[in-house]
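For reference, the structure is listed below as structure tokens.
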Amino acid sequence: SGHNKPKVVSTSTMITDWTEQVGGDDIQLKGILKPGNDPHVYEPVPADSQALEDADLILYNGYNLEPGLIKLMNSAGAKAKKFAVGEVVKPLDFNYKGQTKPDPHVWGNAKNAIAMVQAIRDRLIELSPEDREKFTQNAARLTDELQRVDIWIKQQIQTIPENQRKLVTTHDAFQYYSRAYGIPVAGTLIGISTEEQPSAQTVKSLSDSVKKTGVRSIFAETTINPALIQTVAEEAGVKIAPRQLYSDSIGAPGSEGDTYVKMLVANTRAIVEALGGKYTAFQPAEKQKKTSTP
């Protein structure tokens, strides 16, 4: 279409991926966080202020996932509409220093992603009503894929022997995944934000609890230095799973987790293979359609 494309700025790599898929060529999209950036501790640079000031719409996670960017967004003279995509999801809570806060890692559950994709679609339609039809079709296609991956993850997790169906990770980012897909979080080294540095005491108590749970593998994450969880594994006498989990960012372009759906698939594969389940590859919709057309 010949009109000026609206400028959209997104914070997390998950929101960037969804917005890119829904908006396609009809928006100018700039994602601030890059694959591998940790949103909890990201320090904004001058180009970020500029992007926020130029934007027509800012899509951010909210629930304080990206405190540095939220602060900048609220102080920058942004004319943009600001929308907290993650806050369309009813949050699970966590306790931090005696306070109850919403857990920002809402994308762990693909059903939550469906709600967020629909919210993104609606914001883009408000911004550019003439592209309603395209945005609606794109969102429907993505929603279909998310529904399929949601069912697939449940089936995959069920293949893990029940006594191994436990997740021990570096930071507390998998509560939504855990609840949605029936694999309890048995322990984490640090809390919800990655700012914390675990003490020797924390390392020891997690090692002890890992021994007690009897899990065979625990997990490192792509956005966090693996040295910490390595120590826990050594002290507990268990393995670090060969594949790291994508927690707060999708993977770099060309990696196996370079879209949101592929990130969920890669994480599920990492978990199923490391905990003794039977992994079967996820079939993206295009592949299925090709084989089923007469």
Legend entry - Between 0 and 90°, nearest 10: helix 132-158 axis offset from the chain longest Cα axis: 10 degrees
Legend entry - Segment Arg132-Gln28, extension gain: residue separation times 0.36 nm, minus the distance between their alpha carbons: 35.8 nm
Inset, instruction - As a check on your grasp of the helix formula, calculate [θ] at 222 nm for the chain: sum -39500 (n - 2.57) over DSSP H runs of n ≥ 4, divide by the residue count, round to the nearest 500. - result: -13500 deg cm²/dmol
Legend entry - Computed label-point distance, nm, for sites Val41 and Arg179 using a 7 Å Cα→Cβ extension: 2.7 nm
Legend entry - Cα gyration tensor, the range 58-122 - rounded (a/c under 1.5), prolate or oblate: oblate
Inset, instruction - Quickly work out the Ala285-to-Ser49 label distance, labels modelled 7 Å from Cα along the C-beta direction, and quote it in nm with one decimal. - result: 4.2 nm
Inset, instruction - Pick out, from Tyr181, Ser199, Pro161, the residue whose Cα sits farthest towards the positive end of the charge dipole of the range 161-274, with +1 on the Cβ of Lys and Arg and -1 on the Cβ of Asp and Glu. - result: Pro161
Inset, instruction - Take the chain, connect every pair of alpha-carbon atoms lying under 10 Å apart with a spring to form a Gaussian network, then pick out the residue of Gln175, Gln283, Gln147 with the largest mean-square fluctuation. - result: Gln283
Legend entry - Which labelled figure in [x] 20.9; [y] 22.4; [z] 19.9 is Kirkwood radius over Cα pairs in Å, once derived from the coordinates: [z]
Legend entry - the chain, relative contact order in percent, only Cα pairs under 8 angstrom and at least six apart counted: 17 percent
Inset, instruction - Can you figure out the FRET efficiency of Ala200 with Leu92, using R₀ = 41 Å and their beta-carbon distance, to the nearest 0.05? - result: 0.90
Inset, instruction - Give me the number: length gained by fully extending Arg141 to Arg216, i.e. 0.36 nm times residue separation minus the C-alpha to C-alpha distance, one decimal in nm. - result: 23.2 nm
Inset, instruction - For the pairs Lys79/Lys101; Lys7/Lys262; Lys90/Lys154; Lys166/Lys278, note any where the Cα-Cα span goes beyond 19 Å. - result: Lys79/Lys101; Lys7/Lys262; Lys90/Lys154
Legend entry - Thr159/Lys111 FRET efficiency (R0 22 Å; Cβ-Cβ; nearest 0.05): 0.60
Inset, instruction - Order the peptides 117-124, 94-101 from the highest to the lowest mean number of other Cβ atoms within 10 Å of their residues. - result: 117-124, 94-101
Inset, instruction - Could you tell me the distance between the Cα centroids of the range 3-30 and the range 99-150, to the nearest Å? - result: 12 Å
Legend entry - Rh by Kirkwood over Cα pairs, then Stokes-Einstein D for the range 100-209 at 0.692 mPa s and 37 °C, µm²/s: 200 µm²/s
Inset, instruction - Provide, as a two-decimal number, the C-alpha radius of gyration of the range 7-153 over 2.2 N^0.38 Å, N being how many residues it has. - result: 1.04
Legend entry - Between the range 161-185 and the range 192-235, the Cα center-to-center distance that results, in Å: 14 Å
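We did not get these values from a lab; they are worked out from the coordinates using the rules stated. These numbers come from a predicted model, not from an experiment. Every residue, glycine among them, receives a Cβ derived from its backbone with ideal geometry; neighbour counts consider all protein chains shown.
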